[in-house]
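> I'd like to ask some things about the structure below.
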Amino acid sequence: VMGELVATIAHEVNQPLAAVVTNASFCLRRLAEATPDPDELRPAITEIVNDGTRASAIISRIRTLFMKGAPDRAELDVNDVIREVLQLLRNELTRNRVSLRIDLAPDLPRVHGDRVPLRQVALNLIMNSLDAMRTRTDRPRELLIQSAKHPDGVLIRVQDSGPGIDPGQADLIFEPFFTTKPEGIGMGLSISRSIVESHGGRLRAVTGCSGALFELTLPTQD
Ligand code: ADP
C-alpha cells in the first residue's frame, strides 16, 4: 500500500514542478529578448507561484497526516482518543453550528495502537463531515459519534447529515488524490485507511443511509 501511495504522491507533486520548469524556461527565453514584455511574463510567473504553492501544500498536508515519530503502540481506550479529538474540535463544531451526539460504549476492550495517528484518523473523518455539512444550508448539521463492541474488536462510527457518499464512489474516495473539493488534496481517507490497516483494522464508507457514515473497526488483544 505504501509503495503505491508514494508513487502517486511523487506523480502528483511532479506535475506542478514540471509546469514550474516549463513556465520558468519560457520566462528566461523572453527575458533574453531585447525588450521583454511584462504583460507576457506576468501570467507565466503567476502560474509558477500557483504551482509552487500547490506542490508545497501537498507535501505539508501529507507530512501532517503521517506525523508520527517511531511507532508508539500502547493499550488504548478508543473512547479516550475520540474524546481528545472532540475536545480539540470543540470550537470548530460550535463555529459550524453542529449539534453533536456522542454515544460511547462503556468498558470497551483496549486496542493495541498508536495514539497520534489514530487521533489523526478520527480528526480526518470529523473534518470531512464538517466540510460536507457546510455545503448544505437546508438541513440541521448533525454529527453522531459512536463506539461499540464488535466481533472483530471495537467499532467506531462517524455519521453526518451532509449530502452523503454516492454509492458509485464508496471505494473511489479512498483512492489517493481523489477529491471533490476545490481546495482538497484527496489524501485524508487513503492515509486514514492505511493507518487503520496497519493496526489490523478496517475503514469503510457505508452507503444507502442519509448523510455519510464511516465505520472503523480495530482488533483488540483477546
Ligand atoms: P479531501 O478531504 O482532501 O477531499 P479525503 O481523502 O479526506 O480528501 O476525501 C476524499 C473525498 O471523499 C472528498 O473530497 C469527498 O468527496 C468525499 N468525502 C469524504 N468524507 C465525506 C463526507 N463525510 N461526506 C461526503 N463526502 C465525503
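> Filter region 193-202 down to residues that are in contact with a strand residue (DSSP E or B) (Cβ under 6 Å, 6 or more places away or on another chain) and within 11 Å of Val121 (Cα to Cα), then give me how many there are.
So the answer is 2.
> Here's something else I'd like to know. Residues in region 85-142 that are surrounded by fewer than 12 Cβ atoms within 10 Å (Cβ to Cβ) and either at pLDDT 95 or above or farther than 23 Å from Met187 by Cα (or both): how many?
So the answer is 14.
> How about region 1-115: which helices (runs of 4 or more DSSP H) wholly inside it have at least 3 residues that are farther than 18 Å from Ile145 by Cα?
By residue number, 2-31, 38-66.
The values are calculated or read from the model by the stated rules, or taken from the named source; none is laboratory data. Small disclaimer: the values here were computed from a predicted structure and weren't measured. As a convention, Cβ positions derive from the backbone with ideal geometry for all residues, glycine included, and neighbour counts pool all protein chains shown.
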